[in-house]
1. Restricting to lysine pairs 8 or more places apart or on different chains, what number in region 20-100 have Cα atoms under 27 Å apart?
2. Suppose each label sits 7 Å from its Cα in the direction of the beta carbon; what would the T63-T37 distance come out to in nanometres?
3. Averaging over all projection directions, find the projected area of the Cα convex hull of region 20-100 and quote it in nm² with one decimal place.
Amino acid sequence: MQPLNLLGKVISFHITIKSSAIMNGKQFVVRLKKSATKEELNDAIARAQIDFDGKIGHTFDVTFMGFSVDIPTDQAVAFEKYFKKHDHVEDIEVEREFKTQ
């Protein structure tokens, strides 16, 4: 690293950026049935977070009831299987695969 010459004074510094662990995963949109309540939406969101390490993106409650969620790759198959059989879920779709560093 080259020292910085600032107003005749030599300053040397080092910056360390810490990032969270690399996470590979899939982003899903879960759409609940029209008959679903706000409480059922909140329960589904909690289940995604607690059981599948989900990171909630957006919550939808105007046009339809649902949410987007990022799920780690190792949890994605189980997540999709669980929510496809869920009583209050109309549809689940994969939005994209992702990798963060």
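1. 25
2. Result for the modelled spin labels: 2.7 nm.
3. Numbers: hull surface 19.9 nm².
Taking a quarter of the hull surface, the average projection is 5.0 nm².
Computed from the coordinates by the stated procedures, all read-outs in this text should not be read as laboratory data. Here the structure is a predicted model, which is why all the values come from computation and not from measurement. Here the Cβ is made from the backbone with ideal geometry for all residues, glycine too, and neighbour counts use every protein chain on show.
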